[in-house]
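Have a look at the structure below, then the notes.
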Amino acid sequence: MPFIASDLVPLIQTARFNLWHYRSTDLQAAITTAGYFAPAAATLRAGDLMIVQSADAMAMLPVRSNAATGPGVTLDGAVTPIALTRSIAQTLRMIQAASAVASTIILAPLMAGIIVGTSIPVQAQVTGPIQQVVITLRNAQNQIIPPAVLANVDQGYVTATLPTPAVGNGYRIRIEDALDTGVVATSRSFNILPDLRLILIEDGAKLLQEDGSAISQG
């Protein structure tokens, strides 16, 4: 879903600092996408702080210039919280167990040119504790072209299809962990090509064989 202005509420407003609260049914990955808060650029200032309640997490995000948000801190999500234990002797101990877990997403290569009106096949190999990924198609300006696809990881692989956009250059596929936008893979740029058969029919042109006879168009 797009940004909803009425869901952005000021908690503290001063001449030098603002604290905002934003509640949305969107995933955190969608909210932290570049350009999500662009409609509020006239309201948000660099240095502001925003508490975000998304469909899958609660986070505190810093606001940068042009209404962009930084990575911030996830306060409640898929990560186990810190545990505090106090004994009868009134001593306070803090215990947190942590281990390194490798997570990667590897996109399968795409064709350099895809015919308009077909579909874009997306395949990726996923390692680590990733259960869902968000797949988006982006133009040469890194703008998302809807729809974004939320896909499940099945035995370490993800498959999906996206509709082709308008004819153009510089398109890319971006796939990221639905819970951690830092785990991401982006394809090389590719082009969306016109349907040559339709062009020949519209222009009235014909393809010729070596002897000069026309190649029939099925």
| query | Limited to the range 19-31, what total is found for residues that are in contact with a strand residue (DSSP E or B) (Cβ under 6 Å, 6 or more places away or on another chain) and not in a helix (DSSP H, G or I)? | reply | 5
| task | Identify all residues within the range 64-78 that are open to solvent by 70 Å² or more (accessible area, probe 1.4 Å) and within 17 Å of residue 53 (Cα to Cα); write none if there are none. | result | 71, 73, 74, 75, 76, 78
| query | Residues in the range 121-135: is at least one open to solvent by less than 80 Å² (accessible area, probe 1.4 Å), in contact (Cβ under 8 Å) with a residue 60 or more places away in the chain and either at positive phi or outside any loop (DSSP other than H, G, I, E, B) (or both)? | reply | yes
| remark: Per the list (1) assigned to a strand (DSSP E or B); (2) within 25 Å of residue 37 (Cβ to Cβ); (3) open to solvent by less than 70 Å² (accessible area, probe 1.4 Å), residue check on residue 146 breaks on (3)
| message | I'd like the full set of residues that are touching a His at 6+ places or on another chain (Cβ under 9 Å) and surrounded by fewer than 13 Cβ atoms within 10 Å (Cβ to Cβ), limited to the range 9-57. | response | 9, 10, 11
| remark: Selection from the range 48-97 of residues at pLDDT below 75, of a type in the set (Val, Ile, Thr) and touching a strand residue (DSSP E or B) at 6+ places or on another chain (Cβ under 8 Å) yields 82, 85
| request: Kindly establish whether residue 171 is buried (at least 16 other Cβ atoms within 10 Å of the Cβ) and of a type in the set (Ser, Thr, Tyr). | output: yes
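Could you check the range 174-195 and list, in sequence order, the residues that are over 24 Å from residue 55 (Cα atoms) and among the β-branched types (Val, Ile, Thr)? Before you say what the answer is, go through the steps one by one.
Restricting attention to the range 174-195, the residues satisfying the condition of being over 24 Å from residue 55 (Cα atoms) are 186-195.
Within the range 174-195, 186, 192 meet the criteria.
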| query | Given the conditions (1) under 22 Å from the mean Cα position of the chain (by Cα); (2) in contact (Cβ under 8 Å) with a residue 24 or more places away in the chain, which single one is not true for residue 11? | reply | (1)
| message | So, in the range 101-120, how many residues would count as being assigned to a loop (DSSP other than H, G, I, E, B) and farther than 19 Å from residue 194 by Cα? | response | 5
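The values are calculated or read from the model by the stated rules, or taken from the named source; none is laboratory data. All values reported here derive from a predicted model rather than from experimental measurement. Glycine also receives a Cβ, built like all others from the backbone with ideal geometry; neighbour counts cover every protein chain displayed. Accessible surface is based on the protein model in full, side chains and every heavy atom, while ligands, DNA and RNA are left aside. Shrake-Rupley method; radii C 1.70, N 1.55, O 1.52, S 1.80 Å.
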